[in-house]
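S.K.: Below: one structure in structure tokens.
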There are 2 protein chains.
Amino acid sequence: MDNVNLDVVQGRNFSEAQVGALTGLNNYKFYHPLGKGRGFPGKLFLKEPLRMTGMEVSLNKLPAGQGVPFYHQHREHEELYIFLKGSGQFLIDGKVIDVREGTVIRVAPEGVRTWRNHSQEDLYYIVVQAKAGSMQANGIEDGVALPEQVAWPA
Amino acid sequence: MDNVNLDVVQGRNFSEAQVGALTGLNNYKFYHPLGKGRGFPGKLFLKEPLRMTGMEVSLNKLPAGQGVPFYHQHREHEELYIFLKGSGQFLIDGKVIDVREGTVIRVAPEGVRTWRNHSQEDLYYIVVQAKAGSMQANGIEDGVALPEQVAWPA
């Protein structure tokens with residue numbers, strides 16, 4: 001279901017891939033389980049190729065004039081939309097939000113959402129999903145700085 | 001601890017903020033609990049201002065010539081680094097990865113990591129944290145498309 005053309009380096013504690021410039025995201029196709037085999041270009045999901053266990057992340061390029069043709073909610077997942085380039089509109093529970101570089105929108109599972117690119121330029125954004133209520137500690141509290149001095153290999 | 005200068009619109013099922021152009025990220029300061037009140041520019045954490053419950057996300061600008069001066073691990077959180085612009089290097093368990101636009105790196109909690117911008121340009125990236133092992137369904141399975149036709153307010 002996720003894109004399988006991505007070369008991924010798997011290490012003991014990491015996975016790494018070079019997706020390439022965001023302008024080339026349309027080279028990745030997403031195959032929705034209800035899409036009858038038809039690939040949808042411009043959406044690259046990372047959970048499966050990077051073997052992530054706590055989040056789903058997609059990198060997205062939505063061409064000028066296109067919009068998501070349905071509303072959706074989530075069962076358990078909180079979403080964060082991070083807009084990087086271009087402009088468009090986000091519709092959440094009937095409220096319209098103009099989006100552009102630097103717009104960030106958290107949506108609770110129950111939120112009824114859709115979005116569109118009604119501009120003349122491609123719209124770029126990242127969507128993150130994680131299970132609502134799953135994070136107890138914040139990011140800093142969970143981190144552990146090590147005493148060793150940083151040494152970059154020659 | 002998180003940046004408090006961000007104007008956030010809070011809705012029933014969402015939170016929204018306009019962070020502005022990523023080149024202006026240095027206008028946000030991050031106050032580390034061990035930083036003795038000294039703000040660290042160029043790192044904006046979103047969990048607290050957006051009231052997120054399942055993830056921590058930071059937007060980052062690392063100036064040319066700077067690096068993270070320590071290694072760190074995590075107790076429970078998986079991390080994903082998404083590089084957007086500029087170039088640099090990521091060091092994970094002694095292995096060096098060159099990073100640029102489109103580099104994505106998942107790190108398990110145990111991974112010993114640091115990174116640097118040894119280039120002549122600013123480096124931009126996003127870091128996502130979520131609790132390792134917390135996501136059962138993938139993103140598509142958790143979503144529910146609604147039957148209503150999309151209607152944008154006039």
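S.K.: Considering only the label points, 7 Å along Cα→Cβ from Cα, what distances in nm to one decimal separate B:Pro33 from the same position in each other copy, shortest first?
M.R.: The answer, with the shortest distance listed first, is 4.0 nm.
S.K.: Now, a different point. Under 8 Å for C-alpha pairs, at least 6 residues apart: give me the relative contact order for the range A:1-129, rounded to a whole percent. Could you put the intermediate results ahead of the total?
M.R.: Details: 292 pairs, mean separation 31.6, N = 129.
Rounded, it is 24 percent for the range A:1-129.
S.K.: Over all alpha-carbon pairs of the protein assembly as shown, lay out the pair-distance distribution in 10 Å bins, whole %, shortest bin first.
M.R.: For the protein assembly as shown, the pair-distance distribution reads 6, 28, 39, 21, 6, 1, 0.
S.K.: Let me know the volume per residue of the alpha-carbon convex hull for the range B:1-61, in Å³. List each step's numbers first, then the result.
M.R.: Values: hull volume 5.0 nm³, N = 61.
Dividing the Cα hull volume of the range B:1-61 by its residue count gives 82 Å³.
S.K.: Looking only at trypsin sites (Lys or Arg not before Pro) in DSSP loops with at most 14 other Cβ atoms within 10 Å, what is the longest site-free stretch of chain B?
M.R.: Segment B:76-154 is the longest.
S.K.: Okay, next question. Mind giving me the FRET efficiency for A:Asn13 and B:Lys36? R0 is 45 Å, r the Cβ-Cβ distance, nearest 0.05 is fine.
M.R.: With R0 = 45 Å, the Cβ-Cβ based efficiency is 0.90.
S.K.: Give me a single rounded figure for B:119-132: the average over its residues of other chain Cβ atoms within 10 Å of their Cβ. Write down the numbers at each step before the final one.
M.R.: Numbers: counts 0, 0, 0, 0, 0, 1, 0, 5, 1, 11, 10, 14, 10, 4.
Mean shielding by partner chains, rounded to a whole number: 4.
S.K.: How large is the dipole of the protein assembly as shown about the Cα centre if only Lys and Arg carry +1 and Asp and Glu carry -1, each at its Cβ, rounded to the nearest 20 debye?
M.R.: The calculation lands at about 220 debye.
S.K.: Calculate the tail of P(r) for the range A:9-154: the fraction of all Cα-Cα distances greater than 28 Å, expressed in %.
M.R.: In whole percent, the share of Cα-Cα pairs in the range A:9-154 beyond 28 Å is 28.
S.K.: In percent, how large is the relative contact order of the range B:56-122, given Cα pairs closer than 8 Å and 6 or more residues apart?
M.R.: 46
S.K.: Another question, if that's okay. For B:Met55, B:Met135, what's the fewest-to-most ordering of other Cβ within 10 Å of each Cβ?
M.R.: Working: B:Met55 31, B:Met135 24.
In order of increasing Cβ crowding within 10 Å: B:Met135, B:Met55.
S.K.: Based on DSSP H runs of at least 4 residues, each adding -39500 (n - 2.57), what is the mean residue ellipticity at 222 nm of the protein assembly as shown after dividing by all its residues, to the nearest 500 deg cm²/dmol?
M.R.: Using -39500 (n - 2.57) per qualifying helix, the result is -500 deg cm²/dmol.
Read-outs: derived from the displayed coordinates by stated rules, not from any lab. Note that the structure is a prediction, hence the values are computed from the model and not measured. Cβ sites come from the backbone with ideal geometry, for glycine too, and all protein chains shown count toward neighbours.
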